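The values are calculated or read from the model by the stated rules, or taken from the named source; none is laboratory data. This is a predicted model, so every value here is computed, not measured. We place every Cβ from the backbone using ideal geometry, glycine too, and count neighbours over all the protein chains shown.
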Amino acid sequence: LSTLIHIDTNKADEFVSKLSGIYRYVLNHQDADMVAVEKELAFAEDFADLQAIRFNQNFTLTIQKFEGSENTMIIPLSLQLLLENVFKHNIISQNKKVHISISFEDKYLVVSNNKTMTKEVKTSHAVGLSNIMNRYAVVSDQQCVVEDTNDYFTVKIPLVHVD
């Protein structure tokens, strides 16, 4: 941020505005059991905007329009964790662009990305992913689904309907 202030003050202003919105969202939802899908998607978009500055726009995020009701919920900050995993486990550069999609399939929210990992695989203990899976086991009869192929990594998290 300090470098950005000297290079592009307008972009720095936008960055601070998005960062404060993200911080406010985290503070307001960190203790909540569930949050509306629409709110979490907006948060994920803001989080990705900050990462786009960090990674020089070398990834794309496509979010399918949510057609469900306002009573459709997911666990707060689960999308942030899944997006952080994409950035942690992939090389993102002008030569290795990452494409992330957030979509809906049956009763799941689906986060998928192409893999641009190095041959030198980073050690992962999958603590964040395990945490999400355990939290969903408490609030839903459906389990999270993880699909890891040679080319793509996909996580499906259950959509929870609250009356």
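Name every residue in segment 92-104 that is of a type outside the set (Lys, Arg) and surrounded by 13 or more Cβ atoms within 10 Å (Cβ to Cβ), in order of residue number. If the condition is that a residue be of a type outside the set (Lys, Arg) and surrounded by 13 or more Cβ atoms within 10 Å (Cβ to Cβ), then 92, 93, 98, 99, 100, 101, 102, 103, 104 are the ones that fit. Residues in segment 105-131 that are at pLDDT 95 or above and among the aliphatic types (A, V, I, L, M): 109, 110, 111.
Taking the conditions (1) in contact with a Ser or Thr (Cβ under 9 Å, 6 or more places away or on another chain); (2) surrounded by fewer than 16 Cβ atoms within 10 Å (Cβ to Cβ) in turn, residue 10 satisfies each one other than (1).
Given the structure, is residue 134 surrounded by 13 or more Cβ atoms within 10 Å (Cβ to Cβ) and more than 19 Å from residue 22 (Cβ to Cβ)? So residue 134 fails the test.
Taken over segment 26-60, residues that are under 25 Å from residue 7 (Cα atoms), in contact (Cβ under 8 Å) with a residue 24 or more places away in the chain and among the aliphatic types (A, V, I, L, M) amount to 3.
Residues that are in a helix (DSSP H, G or I), surrounded by fewer than 11 Cβ atoms within 10 Å (Cβ to Cβ) and modelled with pLDDT of 90 or more occur in segment 25-38; there is at least one.
Can you pull out the residues in segment 89-113 that are in a loop (DSSP other than H, G, I, E, B), charged (D, E, K, R) and in contact (Cβ under 8 Å) with a residue 24 or more places away in the chain? The answer is 96, 97, 107.
In the set 127, 155, only one residue is under 27 Å from residue 34 (Cβ atoms) and in contact with a strand residue (DSSP E or B) (Cβ under 6 Å, 6 or more places away or on another chain); that residue is 155. Taken together, the residues in segment 53-88 that are surrounded by fewer than 16 Cβ atoms within 10 Å (Cβ to Cβ) and in a helix (DSSP H, G or I) amount to 3.
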